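Here's the structure, in C-alpha cells; my notes come after.
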Amino acid sequence: VIDVAKKEEESKEVCSVCLEALYTKRVITFDPCKHIMHRTCGIRWLETRDFADKQCCPICRTKVDLLIDKTRRLNWNYLFLQKGWSDIVAFGPFGQPTKYGILNHSTVYFEGPLMSHLGSLITITKKTLRNVNRTLEEAKEARKRKIYISDIKGELEKLKRRSRILADMMRVWKRRGMRYEERKEVEVEWNYKREREAL
C-alpha cells in the first residue's frame with residue numbers, strides 16, 4: 001500500500017521546465033532555490049544562457065550555486081561558479097559552441113590564449129561524455145524505461161556534436177583562423193566548411 005501511494009505521489013510531480021512527470025527522466029535540483037527539474041531541461045537552460053552570470057533558475061531567477069541529483073552532489077567542478085571553471089558552460093542561444101561565443105568567453109574569462117580555452121572545453125566535454133556513458137550503462141543494467149534511456153542517449157549525441165565542433169575550432173585555430181579580430185556581432189551556428197573556406 002505504501003509503495004502504491006509513493007508511486008502515485010511521484011507520478012504527480014512534474015518538471016518545473018517542461019511540466020512532464022519527473023520520474024520519467026534523470027532529475028536535478030537547483031541550489032539554493034531547490035527547484036526540481038529534469039537534468040536535460042535544467043542543463044539545457046544553463047547552457048543556452050549568454051554568460052555565466054545569467055545561469056540562474058528558470059523558475060525564480062535565483063543564481064544557481066550548485067546542482068544536486070538524487071545520488072550525488074554535483075557541485076564539484078560542475079557549475080561555472082564565480083570562483084572558477086566548471087562543466088556547464090553558458091554557450092548562448094544554440095547551446096553549443098559558436099565562434100562569437102568562444103571568442104567572447106576567451107577574452108572575458110581568460111586572459112590567456114584562445115587555445116587554452118578550447119583545450120579546457122575539450123577536456124570538460126570528454127570527461128562529461130565518459131560520465132554520461134557510465135550513466136547510460138547503469139540505466140541499462142537497472143532496466144530503466146525507454147524514455148529514460150532515450151533521454152541519456154540524447155545528451156550523449158549533444159556532447160558528441162559539441163566534441164566535433166570544438167575539434168573543428170581547434171583545427172581552424174591552428175591554421176590561423178579563430179582570431180579575435182574575426183569576432184562578429186551576430187551570433188550564428190558553427191559551420192566548419194565555411195570557416196575552412198575563409199582561411
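Computed from the coordinates by the stated procedures, all read-outs in this text should not be read as laboratory data. Because the structure is a prediction, the values reported are computed rather than measured. Positions of Cβ are generated from backbone atoms using ideal geometry, with glycine treated the same way; all protein chains shown enter the neighbour counts.
Quick look at the values:
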{"item": "Over 30 Å between alpha carbons, listed pairs LYS12/LYS146; LYS54/LYS160; LYS63/LYS193; LYS140/LYS193; LYS99/LYS144; LYS25/LYS127", "result": "LYS63/LYS193; LYS140/LYS193; LYS99/LYS144"}
{"item": "Label-to-label distance, nm, for residues given as LEU199 and GLU187 (7 Å Cα→Cβ offset)", "result": "2.6 nm"}
{"item": "Computed lengthening from THR48 to ASN131, 0.36 nm per intervening residue step minus Cα-Cα distance", "result": "27.8 nm"}
{"item": "Nearest-0.05 FRET efficiency for LEU156 and LYS34, computed from C-beta distance (R0 25 Å)", "result": "0.35"}
{"item": "Surface/4 estimate of mean projected area, convex hull on alpha-carbon atoms of the range 91-199, nm²", "result": "7.5 nm²"}
{"item": "13 Å reach of a label modelled at GLU138, 7 Å along Cα-to-Cβ, counting backbone N of the range 21-51", "result": "26-28"}
